[in-house]
Amino acid sequence: MGMPEIQHTEEEFIFDRKMTCIVCDQPFTTKTLKSSRARRLESDVDLRPRYEHIDTLKYGICSCPNCGYSALNSAFSHLSPRQINNIKEQVCVHVLPEDRSGCSSYSYDQALRMHELALRCADAKLAKNGEKAYLHLLMAWLLREKEKEAEQISIEELRNQETAACHEQAEEHYLAAFEGFQQAMMNEMFPIAGLNQPTLEYILAYMAFHFGKLEVAAKLIGSVLTTSGAPRTIKDRALDLKDEVIKIIREKKR
Ligand SMILES: [Zn+2]
């Protein structure tokens, strides 16, 4: 007889961190990843990060349950007085306080609500295109997981409805991320949303491939492959993607 298998839960990898909201001055707790606790797995083909036993993406946003102000963890405490005003006027007045004391980890719905609020706050604070595009990318990645969960719904009609809705929303956010990052590349300095040039170019190349824009994909792949300082792992991914693009171009010519 082997050892009984230990069931891991996300709770093991997170803790409640005490915060004070920079917008409403109220204290609250936010679920935060314990550093270097979770083991990193290979990322998806579009570099969506994967960890063992936990979807760390759900914990990337800090969100005040009192006033609704939400942002990427790294951006939460950085607001000008004017941005605070804009967020109060454009977001907080429309948001009701939310009681999150009962949740020990975040569901996809909870994480998506918080990302949605972060997007609204990003608009209100006139965030850069890169930051907004990154939020759209995160939402697309989270919605794909929600879609996978919805595939488990036993009632067929409800299952089809839910998966279709998640899929459609994921595609919308993925497209918004694709367009937003392209804008950001023209107007912003790297790193953009924490991503260096070859990494963002690779992600964009994959997105272009996803949306059938093969020429755009090929151009971006070329740029990644000719960047001397590009990480080896990114170059390897770019080479794989190049093969995929060439394959499809050849099929089309037939
Ligand atoms: Zn607040």
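For the range 141-168, filtered to residues that are over 14 Å from LYS58 (Cα atoms) and either touching a residue at least 60 places away in the same chain (Cβ under 8 Å) or among the aliphatic types (A, V, I, L, M) (or both), the residue that is surrounded by the most Cβ atoms within 10 Å (Cβ to Cβ) is ALA150. What do you reckon, is ALA75 in contact with a His (Cβ under 9 Å, 6 or more places away or on another chain) and within 16 Å of the ligand (Cβ to nearest atom)? So ALA75 fails the test.
Counting only helices (runs of 4 or more DSSP H) that sit completely within the range 154-254, those holding 2 or more residues that are within 21 Å of LEU72 (Cα to Cα) correspond to 156-187, 197-210.
Residues checked against (1) within 21 Å of the chain's Cα centre (by Cα); (2) modelled with pLDDT of 95 or more; (3) farther than 18 Å from LEU47 by Cβ:
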site: GLN161; (1), (2), (3): no, yes, yes
site: GLU172; (1), (2), (3): yes, yes, yes
site: LEU175; (1), (2), (3): yes, yes, no
site: LEU214; (1), (2), (3): no, yes, yes
site: GLY229; (1), (2), (3): no, no, no
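For MET186, the conditions (1) within 21 Å of GLU42 (Cα to Cα); (2) modelled with pLDDT of 95 or more; (3) among the aliphatic types (A, V, I, L, M); (4) over 17 Å from the mean Cα position of the chain (by Cα) are fulfilled apart from (1). In the set (1) in contact (Cβ under 8 Å) with a residue 60 or more places away in the chain; (2) part of a helix (DSSP H, G or I); (3) touching a strand residue (DSSP E or B) at 6+ places or on another chain (Cβ under 7 Å), LEU138 fails one condition alone, (3).
The values are calculated or read from the model by the stated rules, or taken from the named source; none is laboratory data. All figures in this text were calculated on a predicted structure; none of them were measured in a lab. Neighbour counts run over all protein chains shown; Cβ positions are idealised from the backbone, glycine included.
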